[in-house]
Amino acid sequence: MASSGCSSNRLRQTIVVALLLLASSSCLASAKHRGNGTTTTVPFHGKDELRRYRKIMAQVARLKKASVKTIQSPDGDIIDCVPAHLQPAFDHPKLRGQKPEAEPEERPKVGGAAAAEAEEEAVFPQAWTDGGESCPEKTVPVRRTRRRDVLRSSSAVRFGMKQPRAAGVVRRDSTSDGHEHAVGYVTGDQFYGAKASLNVWSARVATAAEFSLSQIWVISGSFGNDLNTIEAGWQVSPELYGDNNPRFFTYWTTDAYQATGCYNLHCSGFVQTNNRIAIGAAISPTSVYNGRQFDISLLIWKDPRRGHWWLQLGSGPLVGYWPSSLFTHLGGHANMVQFGGEVVNTRPSGSHTPTQMGSGHFPREGFNRAAYFRNLQVVDWDNNLLPAAALRLVADHPSCYDIQGGYNRAWGNYFYYGGPGRNVRCP
């Protein structure tokens, strides 16, 4: 009888081990992605992560299939020319079945004491347009997301999104969550847009988990979980893009970066109308220390008739719009506009990151050496562009990244900003 009991125990143990092995292989299989005849194990765990990963790759496949032209960029990007009505924006429940709206006839006009800046025809060279490439009319260029882009992310659910932020993170000292700023901002009024010119640099980013960006923020709501923002500028982000090139980007959120919004076209929302500008594509050329400076001019403004927030290249072409239906507070107006730089400091090796903001040089070095924003303007209730009056400047850690402002007739309100990060005064 004792021998029979031992046999029964061994049989039960064998069955348990077999079941564990079966479950293990089943979980492993569920974390694999099959495509192009190959199987790739993906590092995401949990049903939500795997579901999101498959959804991303399914959308990539749909856009690739819909593309009427594919352009191989010299920097390795692939640009799909997708019919405008099939772009990712129209997967949003509030936009489903729609098509891009016509461009507004009325643009913001120079008003008050604002001096019209002398702008050349808006030039926005990107690597993929070398050789005169562009997408056909009635299509929009979409930078193709590749499997390796998603796999670089720590989370498929949050792919293409900023990390959730503590309350007050945009304006106040935000170093508790690793984000550091050097910015100028205006508040205390109703704003319907913002405009500035900023020079572009190949900022050095120390680790894949960090980024360096320079942008305009249009902000409304409290600095809690109801924060609405619209953002545009240039960014170096090895994790998101896989390289250290400065790239043109957009962002939006309606809940302080918790669950809504994304970079570029990584989620539904922003509606692109331009067939010559690829959001997320590299900007080239860039500024050179002690050499030629290259800047871009950006204007974000609210169409007084339809209420959408449009993105425009200076006084030149429109890029697209954020539909007003996406927002709560920004459905009306902004209560703050912010300009400047932001980096993520993960404190690699236990000390401050050497990730650069702007040119990587302090504002005191001035023109040809430091990063700048110039001709800072806001849009008022009557669609007038006005100088950004009562501009306040703040740097979370001036020894790491600083800011210095001024005014002259050529540049209007301006500031230099940035820095090298880690140095003897920023350990």
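The values are calculated or read from the model by the stated rules, or taken from the named source; none is laboratory data. Since this is a predicted model, take the numbers as computed values, not measurements. Cβ coordinates were reconstructed from backbone atoms using ideal geometry, including for glycine residues, and neighbour counts include every protein chain displayed. The protein model used for the area step is the full one, side chains on, heavy atoms only, and it has no ligands, DNA or RNA in it. Shrake-Rupley method; radii C 1.70, N 1.55, O 1.52, S 1.80 Å.
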Note on segment 301-328: residues at pLDDT below 95 and not in a loop (DSSP other than H, G, I, E, B) are L313
Within segment 388-397, residues crowded, with 16+ Cβ neighbours inside 10 Å and either in contact with a Ser or Thr (Cβ under 9 Å, 6 or more places away or on another chain) or without any contact (Cβ under 8 Å) to a residue 24 or more places away in the chain (or both) come out as D396, H397
Specify the residue that is surrounded by the fewest Cβ atoms within 10 Å (Cβ to Cβ); the eligible residues are those in segment 175-194 that are of a type in the set (G, A, S) and assigned to a strand (DSSP E or B).
-> G188
Collect the residues in segment 399-425 that are closer than 21 Å to N345 by Cβ, touching a residue at least 60 places away in the same chain (Cβ under 8 Å) and either open to solvent by 70 Å² or more (accessible area, probe 1.4 Å) or outside any strand (DSSP E or B) (or both), keeping them in residue-number order.
-> C400, Y401, P420, G421, R422
Condition test on F373, is it open to solvent by 30 Å² or more (accessible area, probe 1.4 Å) and modelled with pLDDT of 95 or more?
-> no
Here the qualifying pairs (Cβ atoms under 8 Å; residues six or more apart or on different chains; first in segment 122-147 and among the small types (G, A, S); second at pLDDT below 90 and open to solvent by 50 Å² or more (accessible area, probe 1.4 Å)) come out as A122/S315
Residue hits (segment 136-163; open to solvent by 10 Å² or more (accessible area, probe 1.4 Å), more than 17 Å from D75 (Cβ to Cβ) and assigned to a helix (DSSP H, G or I)) are R147, L151
Can you spot a residue in segment 205-214 that is charged (D, E, K, R), farther than 30 Å from E103 by Cβ and more than 15 Å from the chain's Cα centre (by Cα)?
-> no
Members of segment 239-260 that are touching a helix residue (DSSP H, G or I) at 6+ places or on another chain (Cβ under 8 Å) and crowded, with 19+ Cβ neighbours inside 10 Å = L240, Y241, N245, R247, W252, T254
